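The values are calculated or read from the model by the stated rules, or taken from the named source; none is laboratory data. Because the structure is a prediction, the values reported are computed rather than measured. Every residue, glycine among them, receives a Cβ derived from its backbone with ideal geometry; neighbour counts consider all protein chains shown.
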């Protein structure tokens, strides 16, 4: 999910990014920069998300929610709060993530209809997020250390890398391929292959633009290539560096979301 993406060039070269014309050959370094680009734009951020879930017959379900994100350390631990506002059957559902680099993430889901806080186990991280083709893990991102990485091609526009899970029992895929933009380092497309060698899942950026100085995904899609279903995400009212306090990302916010921080920014 998400999709906060750092700018490689604003008016001068920013530290940590490849200089214009430089070609990287170290897969680990490319992955490190892509992870920063995809999940660590600014010290924190807010985005309102419209989700459209479609099956193979193009029957649709819609969701709307707001994502708040705070970095504890750039490239390190983070916190996420996702609060659903539409439709009525999911309004008030809240998802909280404490993302850890050195251990499994902590994830909680609050279901208002049952007044129940459910802990999402590590084994469930690659299961459907509120009925979408996105997974729980997609919201906060997969740790780079969970996979091996190999640079398999370099084109004028992309670094193409192949990844495989270090622990094959931790994921449903056998490998995935990522196309990373050479200028912004944001991953533009990811394709997953299952143990049978069949391509079954695709994640792709449909639109990106610069917001508050950061290249930002404003539309994306996950496609289930076996069933023909897909989920589209549109990101709006995006702001960075808004000063989110630690108190926003506590278990108290599951039942009592921080309304002041969920309001759309002015302007």
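So, in the range 200-217, of the ones that are surrounded by fewer than 14 Cβ atoms within 10 Å (Cβ to Cβ) and touching a residue at least 24 places away in the same chain (Cβ under 8 Å), which residue ends up farthest from residue 42 (Cα to Cα)?
Once the filter is applied, the top-ranked residue is 206.
Condition first: surrounded by 15 or more Cβ atoms within 10 Å (Cβ to Cβ) and within 30 Å of residue 199 (Cβ to Cβ). Now tell me which residues in the range 226-267 satisfy that.
Correct list: 229, 230, 231, 232, 233, 234, 235.
A quick yes/no check of all residues on (1) modelled with pLDDT under 95; (2) more than 20 Å from residue 187 (Cα to Cα):
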| position | (1), (2) |
| --- | --- |
| 15 | yes, no |
| 28 | no, no |
| 37 | yes, no |
| 57 | no, yes |
| 63 | no, yes |
| 72 | no, yes |
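Just a yes or no: is a residue in the range 78-88 buried (at least 19 other Cβ atoms within 10 Å of the Cβ), out of contact with any helix residue (DSSP H, G or I) (no Cβ under 7 Å at 6 or more places or on another chain) and assigned to a loop (DSSP other than H, G, I, E, B)?
Checked against the condition, which is being buried (at least 19 other Cβ atoms within 10 Å of the Cβ), out of contact with any helix residue (DSSP H, G or I) (no Cβ under 7 Å at 6 or more places or on another chain) and assigned to a loop (DSSP other than H, G, I, E, B), the range 78-88 yields no hits at all.
What strands (runs of 3 or more DSSP E), lying completely within the range 100-171, carry at least 2 residues that are crowded, with 16+ Cβ neighbours inside 10 Å?
Here the list reads 106-111, 147-154, 158-165.
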